[in-house]
Amino acid sequence: MGTTDPTRQQAMVPEDITRLFVERSNEGDADGVAALYEEDAVLAYPPGQTTVGRAAIRDLWAQVLAHRPTFTPEEPLPTLVCGDIALTSTPPHDDAGARAQVVRRQPDGSWLRIIDQPEFRSTASLLDADADADA
């Protein structure tokens with residue numbers, strides 16, 4: 001557990017992770033985005049798939065960020081904390097439905113994502129998206 005680059009800003013409260021994600025993504029920093037995840041974290045992305053492990057998450061974000069998307073900060077909803085585990089979420093500005101992450105406090109007091117669900121969509125909206133893609 002823990003980040004491997006001590007020079008990088010760390011999330012010292014769970015809500016920092018979303019802000020750092022947006023900053024690093026907009027800089028095209030796939031390594032920086034991956035550093036927000038534990039080594040064995042699970043990311044539910046691309047939609048309908050899972051990406052497991054920091055290295056795989058880094059590779060995925062390198063591909064996504066190569067297209068230079070722009071991410072907009074989203075105001076976090078209240079965080080639920082239980083000991084060293086927290087649930088963070090944001091209401092997205094796009095059509096993702098909702099975003100939620102489970103984060104864990106590290107021995108140094110920082111927080112890292114262990115489970116990341118960046119898109120929640122109903123089954124109906126997923127079927128509609130598939131139908132639109134097939135059209």
Of all residues in region 73-91 being under 17 Å from Gly109 (Cβ atoms) and among the hydroxyl-bearing types (Ser, Thr, Tyr), the one that is surrounded by the fewest Cβ atoms within 10 Å (Cβ to Cβ): Thr79
Total residues in region 7-41, condition in contact with a helix residue (DSSP H, G or I) (Cβ under 9 Å, 6 or more places away or on another chain) and aliphatic (A, V, I, L, M): 8
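Just a yes or no: is a residue in region 23-39 among the aromatic types (Phe, Trp, Tyr), buried (at least 16 other Cβ atoms within 10 Å of the Cβ) and more than 25 Å from Gly109 (Cβ to Cβ)? Give the steps one after another, and end with the answer.
Kept after step one, since they are among the aromatic types (Phe, Trp, Tyr), are these residues of region 23-39: 37.
Okay, now just the ones that are also buried (at least 16 other Cβ atoms within 10 Å of the Cβ), so 37.
Those left that are additionally more than 25 Å from Gly109 (Cβ to Cβ): none.
Taking every residue of region 23-39 in turn, none turns out to be among the aromatic types (Phe, Trp, Tyr), buried (at least 16 other Cβ atoms within 10 Å of the Cβ) and more than 25 Å from Gly109 (Cβ to Cβ).
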Index of the failed condition, Ala98 passing every other in (1) in contact (Cβ under 8 Å) with a residue 24 or more places away in the chain; (2) exposed (fewer than 15 other Cβ atoms within 10 Å of the Cβ); (3) under 14 Å from Pro118 (Cβ atoms): (1)
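Can you pull out the residues in region 63-72 that are exposed (fewer than 10 other Cβ atoms within 10 Å of the Cβ) and either within 14 Å of the chain's Cα centre (by Cα) or β-branched (Val, Ile, Thr) (or both)?
Within region 63-72, Thr70, Thr72 qualify.
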Failed condition for Val52, given (1) closer than 20 Å to Ile85 by Cα; (2) surrounded by fewer than 19 Cβ atoms within 10 Å (Cβ to Cβ); (3) in contact (Cβ under 8 Å) with a residue 60 or more places away in the chain: (3)
In region 7-24, the residues that are in a helix (DSSP H, G or I) and in contact (Cβ under 8 Å) with a residue 60 or more places away in the chain: Asp16, Ile17, Thr18
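Throughout, read-outs are computed from the coordinates displayed, never taken from laboratory work. In this text, all values refer to a predicted model and were calculated from it rather than measured experimentally. All Cβ positions, glycine included, derive from the backbone under ideal geometry; neighbour counts span all protein chains shown.
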